[in-house]
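All remarks here apply to the structure that follows.
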Number of protein chains: 4
Amino acid sequence: MPNSFGKLFTISTWGESHGPSVGVVVDGCPPALPLTEAEVQAELDRRRPGQSDITTPRKEADTIEFLSGTFEGRTTGQPLAMLVRNADQRPGAYDEMREKFRPSHADFTYTTKFGFRDHRGGGRSSARETIGRVAAGAIARKILKLSGGVEIRAFVTQVHDIVAPTVVKFPTLAQVEATAVRCPHPASAERMIARIKQVRAKGDSVGGVIECRVRGVPVGLGEPVFDRLEADLAKAMLSLPATKGFEIGSGFGGVLLKGSQHNDVFVSRRGQVGTATNRSGGVQGGISNGEELVFRVAFKPTATILQNQRTVDLRGARTELKARGRHDPCVVPRAVVIVEAMTALVLVDHWMRHAAQNKTFKF
Amino acid sequence: MPNSFGKLFTISTWGESHGPSVGVVVDGCPPALPLTEAEVQAELDRRRPGQSDITTPRKEADTIEFLSGTFEGRTTGQPLAMLVRNADQRPGAYDEMREKFRPSHADFTYTTKFGFRDHRGGGRSSARETIGRVAAGAIARKILKLSGGVEIRAFVTQVHDIVAPTVVKFPTLAQVEATAVRCPHPASAERMIARIKQVRAKGDSVGGVIECRVRGVPVGLGEPVFDRLEADLAKAMLSLPATKGFEIGSGFGGVLLKGSQHNDVFVSRRGQVGTATNRSGGVQGGISNGEELVFRVAFKPTATILQNQRTVDLRGARTELKARGRHDPCVVPRAVVIVEAMTALVLVDHWMRHAAQNKTFKF
Amino acid sequence: MPNSFGKLFTISTWGESHGPSVGVVVDGCPPALPLTEAEVQAELDRRRPGQSDITTPRKEADTIEFLSGTFEGRTTGQPLAMLVRNADQRPGAYDEMREKFRPSHADFTYTTKFGFRDHRGGGRSSARETIGRVAAGAIARKILKLSGGVEIRAFVTQVHDIVAPTVVKFPTLAQVEATAVRCPHPASAERMIARIKQVRAKGDSVGGVIECRVRGVPVGLGEPVFDRLEADLAKAMLSLPATKGFEIGSGFGGVLLKGSQHNDVFVSRRGQVGTATNRSGGVQGGISNGEELVFRVAFKPTATILQNQRTVDLRGARTELKARGRHDPCVVPRAVVIVEAMTALVLVDHWMRHAAQNKTFKF
Amino acid sequence: MPNSFGKLFTISTWGESHGPSVGVVVDGCPPALPLTEAEVQAELDRRRPGQSDITTPRKEADTIEFLSGTFEGRTTGQPLAMLVRNADQRPGAYDEMREKFRPSHADFTYTTKFGFRDHRGGGRSSARETIGRVAAGAIARKILKLSGGVEIRAFVTQVHDIVAPTVVKFPTLAQVEATAVRCPHPASAERMIARIKQVRAKGDSVGGVIECRVRGVPVGLGEPVFDRLEADLAKAMLSLPATKGFEIGSGFGGVLLKGSQHNDVFVSRRGQVGTATNRSGGVQGGISNGEELVFRVAFKPTATILQNQRTVDLRGARTELKARGRHDPCVVPRAVVIVEAMTALVLVDHWMRHAAQNKTFKF
């Protein structure tokens, strides 16, 4: 099932940018979770286009509708399907793309793989697909919150060459949401916003880096070998449009340290085993160790730019693609919400897997 | 199945460092593939400890035995089980670890998750688990080779702060194997080896970066959403012991470019559609585009060091861990073989998935 | 994913009897298949309630809507979501069931397993869930048809104690659809219909047996061990509401034969290897052998009856359940369509699996 | 993974009749379960050939060896691989089968599907494959036993046309093991044994029926839709060699009852909700209801007979197959052990799935 994610808490998304709808089925959701459409809508509103002057002007209310799986305000344990109708469609706006491959988009690979494609607005490769992930992630976040306090906070640490100072303290949601760019360091945020506006004015785009922190993760989530927690997080993040890299804890920079500098010494802290430092990023041997999860994701500059570009058409002939379309000049501000959603999905799934093997039977 | 990898070409590994054996079952292998134990052994020999003076002195022949799945020199399409007996065991050498948690190892997380652990040599968290992956990967590599020329080449580009110059041309196997450190740039290799020996002399360790290139990949491997080719490669790489990061194509450095600089312009090349540059790293929209796959993996410095370290014991009491044990002062030279194996496994699996959906029926 | 079926051609259903909707996502569908809503609707119309005077009087148009996955009349290879809104809801009609467990229904087990349940009309346990299966099955049937002639024909062979004579020749669709009970033997059909009306008049219900035949199945579908074709068919059939048994080929009756009588002798037929008899039911060693698939499914009498019944309530206290509700006095006439749908789903899935392993690579 | 079974407690078997070995990896096993090779051996001894004068004379000790996954007498939660070497091989004895298809065996379908086959003794289609299932099942049974008293008892109720009287009381293990045919009704057992000897004397074979009962199953195992408990049991049973049918509770015979006769009235029993009758066979709406699980499995007469048989060869030419080979004239006595093993595997897997969704989080 290439369009499903998760083993026990499983989501299956559907939908194209300019088809009738996008949506998701959540299968395996624990029963009796109090849940309203408004709670899911709140997360979708954080992801929605047009929420600030540095995102795409596409107008979409992205109104969620529950199709199944709740009864009298609670989940039933049955599949929970959620639907968002596509509204602001301009099919004609994409006629040029029927024949031409947009550089660094999925146009060429989809056409070759499937024989043809829904070319309108990227079809399935559009970031609108992530609406289903955010909706499902809202449920996962609620489960984590009610579980006793797992908190997930993603935020922007870099836009183009503007790098915010290292965040030491777990940022509050208010700090992240304070600026349109979702960087909790106000001075950096201001510079990032200016940079995004500046490149947009030239019809260009920029990339960025998102850091995600999670606190309150119990010890024991993740599997020793293939399904290490960091492996599933890496897959989750690289499954997002426009991502080019993932690192956890010390990451690529950790290569510069020696083992004696890099090792996280164990200490006893409030009666719990912890580590004095956190270069492991909260995971050891593939399994959460109770420290903060810390990882970063690199996003490339948006492939859609308002400049003419050389390319080839379906027959391989040289042609030029005219500058047009609606897009985010930088995806990271809205991607923050999606990173959080995918993180929540990974954690709930692993929590259930952990419990299944280790809590079902007592010997 | 936390110890399985792959959807259609599936491997399931078993075994601990100081248990009776390590091994793997390959399920879904295409039938009639000519295959001998010697071919698998050749890859295991590249991975084997003790092959040079910069690897662990543990002596293991790592002799492979086929337990099933071949008949008269060919695969039967039935499960192919492969076994390697553990030989050089020194159980007593690990008595100290029964009670103490080694920093940045899996000791604490395994014990907490499973209630107890096989502490000898890391048990399941030992890199010996990767023997099964390399054996299975040898089969996948042969399939790819016979498919018409997919070639996978991984090599070391960084050890500690020694960074080899960017490799432009696809390195030959001979260039990679020319030095014990498996860096195809001889001058850098020499410095890397010297650095590894130097840190080992002090009982310390260093990390490094491996780059992997693949050429000959057909267009169309990978799925649009969750099972993007880069997502599954990221998961494969982050499932390896000691990895902290993954990036594809432009990676984290791509953030510094604008969209107009980063986009890979399509061109017509020998009658095929290709891209003038390869910042995409061979994947667009999650699907291979026929260009070289290019990705990099960061490995942390080996956690085992020959220095006394502070830690806590099972009861949370402060203690000290004595310097002892056999280990690689730097894992990247041998990890090259494992990175190649995992890459081969991902590609064969996706090739089968692609064919299943797109080649089974004609309309 | 407890609500998904199929490994490569995967369906995920959602929805409750009296919730907003029922639906399905088909993932892994081959691209470029010509497909219209009308084709799917035609199968749903065969399944629809109220189509004859021996089915439930519940009025449901069961109008299908494609939510994604087609473009210009063809499948795109992306998830195809299909929605049916529930219309004829009488929520108040089920108030009694909130507190009482209906005998031989899922009321008690759902409540105990999930802690509470959507009691309206059976909720998720309602046969309305099979709408998604039939919709997805319509797609699978079309694939099989276009593949060169796989034909699936299910029909009723027994209602209560009325057993139709053994069907020798593959029945036509017209023969099956000729009577409301879908038994191709007209005299038996007449008696079956009379029996159904008779038990309904007394507020009672009866069960029956459906036979399913498939011709044109290529040799090679099915896997040697766990995923034998008959094993997956058995699972598919026992996953249908009200089923109590499955048998293939000679089935339970085959026990009465000796090996020398039961073995299907191989013969050469039109240049093809075939069998002189078909006690195997079209499967040998778990794999289709090119003969007709022949299997039978037993359905119990409908649990809902219009008679007062003793039972207990949520607190375990004795109570009585009043006679009321709308239901089919015998499920087999409509179940014929569902049996065909599930069969088609199993075959397409196994066809893709077979091709993936055996047709992707050539050695 | 066509050679794997189970979602959370997963087994993967390997091996051919006359290859080096047969074996199994158990993945997802709960940690800390006390387990010795002797316990597994005991179950294998019940399945072993040559244990009585009505089974095959093939001599196999079937000695189990643990390859991984235990430490100091307990499971570690890591993959537990188990190996049995094949001993009594007579490769030459099967030369005739290289070219000829044995009637009602897997010879033709394997050859067509995979292009060629390991013809020696049936290769992968041999019942020796079930050794891995029995070994894994022994672990599942131990888990169920320690869980507080789930007891699984399979036994023979029919051989050829000899049908034992309905068993009312749950039979003891001693009653089942009292006779070589494993029918707990001594008079019937005697007749069954005589019949088996009689058909064997003529080089022929017979089939039979096995009933399986399970008591102590908690309420709540099984999923509402595709993964109903009876669906997974049906799949498990139809995945066994030589099976042709499965029925649960009232089964095919239930068709003869009206709903008012068939419904299981709920009653209050020792403070628990139970049913007055058990036509449901212990499952309602796909979920266990706490009553005894009761199902039956039909096995065809052994395909290998000591009589000359007509057939065709690889080229489709008519030929004759000479009477030879070692085989069980009736498979049901040994299949009892395999039915129990598969049942245990299904139950443990569903127990873990149930706990994952319904016990991990509290709201």
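The values are calculated or read from the model by the stated rules, or taken from the named source; none is laboratory data. Everything numeric in this text was worked out from a predicted model, so none of it was measured. With ideal geometry, Cβ positions are generated from the backbone for all residues, glycine too; neighbour counts draw on all protein chains shown. Side chains are part of the model used for accessible areas, which takes the heavy atoms of the whole protein and leaves out ligands, DNA and RNA. Shrake-Rupley method; radii C 1.70, N 1.55, O 1.52, S 1.80 Å.
Of all residues in the range C:79-116 being part of a helix (DSSP H, G or I) and more than 14 Å from chain D (Cβ to nearest Cβ), which is nearest to A:P34 (Cα to Cα)? First the steps, then the outcome.
Taking the range C:79-116 and keeping what is part of a helix (DSSP H, G or I), we get C:91-98, C:107-114.
After this cut, where a residue has to be more than 14 Å from chain D (Cβ to nearest Cβ) as well, the list is C:91-96, C:98.
Numbers: C:P91: 21, C:G92: 23, C:A93: 25, C:Y94: 23, C:D95: 22, C:E96: 24, C:R98: 19 Å.
Residue satisfying both the conditions and the ranking: C:R98.
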Quick one: in the range B:51-72, of everything that is over 17 Å from B:A138 (Cα atoms) and among the hydroxyl-bearing types (S, T, Y), which residue is most open to solvent (accessible area, probe 1.4 Å)?
-> B:S52
Among the numbered conditions (1) within 23 Å of the chain's Cα centre (by Cα); (2) surrounded by 21 or more Cβ atoms within 10 Å (Cβ to Cβ); (3) charged (D, E, K, R), tell me where B:K113 comes up short.
-> (1)
Pull up the range A:284-329, narrow it to residues that are in contact with a strand residue (DSSP E or B) (Cβ under 6 Å, 6 or more places away or on another chain) and among the small types (G, A, S), then point me to the one that is nearest to A:G222 (Cα to Cα).
-> A:A298
If you go through the range C:299-310 one residue at a time, do you hit one that is on the phi > 0 side of the Ramachandran plot and facing chain D (nearest Cβ under 7 Å)?
-> no
With respect to D:S17, determine if the residue is in a loop (DSSP other than H, G, I, E, B) and open to solvent by less than 10 Å² (accessible area, probe 1.4 Å).
-> yes
Taking D:G207 and the conditions (1) surrounded by fewer than 24 Cβ atoms within 10 Å (Cβ to Cβ); (2) at the interface with chain C (Cβ under 7 Å from one of its Cβ atoms), which numbered condition does it fall short on, given that it satisfies the others?
-> (1)
Could you please let me know if C:F101 is surrounded by 23 or more Cβ atoms within 10 Å (Cβ to Cβ), free of Cβ contacts under 8 Å to residues at least 60 places away in the same chain, within 26 Å of D:R279 (Cβ to Cβ) and more than 19 Å from the chain's Cα centre (by Cα)?
-> no
Output the number of residues of the range D:135-175 satisfying the condition of being more than 14 Å from chain C (Cβ to nearest Cβ), touching a helix residue (DSSP H, G or I) at 6+ places or on another chain (Cβ under 8 Å) and in contact (Cβ under 8 Å) with a residue 24 or more places away in the chain.
-> 15
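A quick yes/no check of all residues on (1) in contact with a strand residue (DSSP E or B) (Cβ under 8 Å, 6 or more places away or on another chain); (2) touching a residue at least 24 places away in the same chain (Cβ under 8 Å); (3) open to solvent by less than 50 Å² (accessible area, probe 1.4 Å):
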site: A:A242; (1), (2), (3): yes, yes, yes
site: A:K258; (1), (2), (3): yes, no, no
site: A:Q261; (1), (2), (3): no, no, no
site: A:R269; (1), (2), (3): no, no, no
Out of all the residues in the range B:129-164, which are over 30 Å from B:L221 (Cα atoms) and out of contact with any His (no Cβ under 6 Å at 6 or more places or on another chain)?
-> B:V159, B:H160, B:D161, B:I162, B:V163
Single condition D:V339 does not satisfy, out of (1) surrounded by 22 or more Cβ atoms within 10 Å (Cβ to Cβ); (2) touching a helix residue (DSSP H, G or I) at 6+ places or on another chain (Cβ under 8 Å); (3) over 21 Å from D:G132 (Cα atoms) | (3)
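Can you work out which of the residues in the range A:143-162 that are in a strand (DSSP E or B), closer than 19 Å to A:V339 by Cα and out of contact with any Cys (no Cβ under 8 Å at 6 or more places or on another chain) is least open to solvent (accessible area, probe 1.4 Å)?
Step one: filter the range A:143-162 for residues in a strand (DSSP E or B), giving A:151-159, A:162.
Subsequent filtering for residues that are closer than 19 Å to A:V339 by Cα retains A:151-159.
Subsequent filtering for residues that are out of contact with any Cys (no Cβ under 8 Å at 6 or more places or on another chain) retains A:151, A:158.
Values: A:E151: 66, A:Q158: 32 Å².
Once the filter is applied, the top-ranked residue is A:Q158.
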Hey, could you check the range B:339-361 for residues that are among the charged types (D, E, K, R) and facing another protein chain (nearest Cβ under 8 Å) and say which is farthest from B:P224 (Cα to Cα)?
-> B:K359
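Restrict the check to the range A:224-242 and report whether at least one residue is of a type in the set (A, V, I, L, M), out of contact with any helix residue (DSSP H, G or I) (no Cβ under 7 Å at 6 or more places or on another chain) and either at pLDDT below 95 or more than 19 Å from A:V168 (Cβ to Cβ) (or both).
So the first thing to find is which residues in the range A:224-242 are of a type in the set (A, V, I, L, M), and the list is A:225, A:229, A:231, A:233-234, A:236-238, A:240, A:242.
Add one more test, that the residue is out of contact with any helix residue (DSSP H, G or I) (no Cβ under 7 Å at 6 or more places or on another chain), and what stays is A:242.
Next, from what is left, pick out any that are either at pLDDT below 95 or more than 19 Å from A:V168 (Cβ to Cβ) (or both): A:242.
Within the range A:224-242, one or more residues are of a type in the set (A, V, I, L, M), out of contact with any helix residue (DSSP H, G or I) (no Cβ under 7 Å at 6 or more places or on another chain) and either at pLDDT below 95 or more than 19 Å from A:V168 (Cβ to Cβ) (or both).
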In the range B:247-282, which residues are closer than 30 Å to A:G285 by Cβ and more than 8 Å from every other protein chain (Cβ to nearest Cβ)?
-> B:G253
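Hey, among the residues in the range A:29-43 that are within 21 Å of the chain's Cα centre (by Cα) and in contact (Cβ under 8 Å) with a residue 40 or more places away in the chain, which one's nearest to the other protein chains (Cβ to nearest Cβ)? Break it down into steps so the answer makes sense when it comes.
Kept after step one, since they are within 21 Å of the chain's Cα centre (by Cα), are these residues of the range A:29-43: A:29, A:37-43.
Checking which are in contact (Cβ under 8 Å) with a residue 40 or more places away in the chain leaves us with A:29, A:39-40, A:42-43.
Numbers: A:C29: 8, A:E39: 14, A:V40: 15, A:A42: 19, A:E43: 19 Å.
So, considering only residues that are within 21 Å of the chain's Cα centre (by Cα) and in contact (Cβ under 8 Å) with a residue 40 or more places away in the chain, the one nearest to the other protein chains (Cβ to nearest Cβ) is A:C29.
Considering only the range D:168-203, state which residues are assigned to a helix (DSSP H, G or I), surrounded by fewer than 16 Cβ atoms within 10 Å (Cβ to Cβ) and of a type in the set (A, V, I, L, M).
The first filter runs over the range D:168-203 and keeps only residues assigned to a helix (DSSP H, G or I), leaving D:173-177, D:186-201.
Narrowing the set further to residues that are surrounded by fewer than 16 Cβ atoms within 10 Å (Cβ to Cβ) leaves D:173-174, D:177, D:186-187, D:190, D:194, D:197-198, D:201.
Selection gives D:L173, D:A174, D:A187, D:A194, D:A201.
Do we have C:V225 as within 7 Å of chain D (Cβ to nearest Cβ) and open to solvent by 30 Å² or more (accessible area, probe 1.4 Å) here?
Details: within 7 Å of chain D (Cβ to nearest Cβ): yes; open to solvent by 30 Å² or more (accessible area, probe 1.4 Å): no.
No, not satisfied.
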When residues of the range B:64-78 are limited to those that are part of a loop (DSSP other than H, G, I, E, B) and within 11 Å of chain D (Cβ to nearest Cβ), the one farthest from B:T10 (Cα to Cα) | B:E72
Could you tell me whether B:F5 is open to solvent by 10 Å² or more (accessible area, probe 1.4 Å) and within 14 Å of chain A (Cβ to nearest Cβ)?
-> yes
Among residues of the range A:313-326, those that are touching a Gly at 6+ places or on another chain (Cβ under 9 Å) and either at the interface with another protein chain (Cβ under 7 Å from one of its Cβ atoms) or assigned to a strand (DSSP E or B) (or both), counted = 1
Which residues, taken from the range A:20-50, are open to solvent by less than 10 Å² (accessible area, probe 1.4 Å), of a type outside the set (V, I, T) and part of a strand (DSSP E or B)?
-> A:S21, A:G23, A:D27
Across (1) of a type in the set (A, V, I, L, M); (2) open to solvent by less than 30 Å² (accessible area, probe 1.4 Å); (3) more than 23 Å from the chain's Cα centre (by Cα), D:L238 clears everything bar (3)
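For the range A:339-363, give me the residue count where each residue is in a loop (DSSP other than H, G, I, E, B) and either under 17 Å from A:E151 (Cβ atoms) or at pLDDT 95 or above (or both). Talk me through it step by step, then tell me what you get.
Our first condition is that a residue be in a loop (DSSP other than H, G, I, E, B); within the range A:339-363, this holds for A:360-363.
Still in the list and also either under 17 Å from A:E151 (Cβ atoms) or at pLDDT 95 or above (or both): A:360-361.
Adding up the residues that qualify gives 2.
Are any residues in the range D:248-285 hydrophobic (A, V, I, L, M, F, W, C) and within 27 Å of the chain's Cα centre (by Cα), and if so, which ones? Spell out the reasoning first.
Of all residues in the range D:248-285, those hydrophobic (A, V, I, L, M, F, W, C) come to D:248, D:252, D:255-257, D:265-267, D:273, D:276, D:283.
Across the range D:248-285, the qualifying residues are D:I248, D:F252, D:V255, D:V283.
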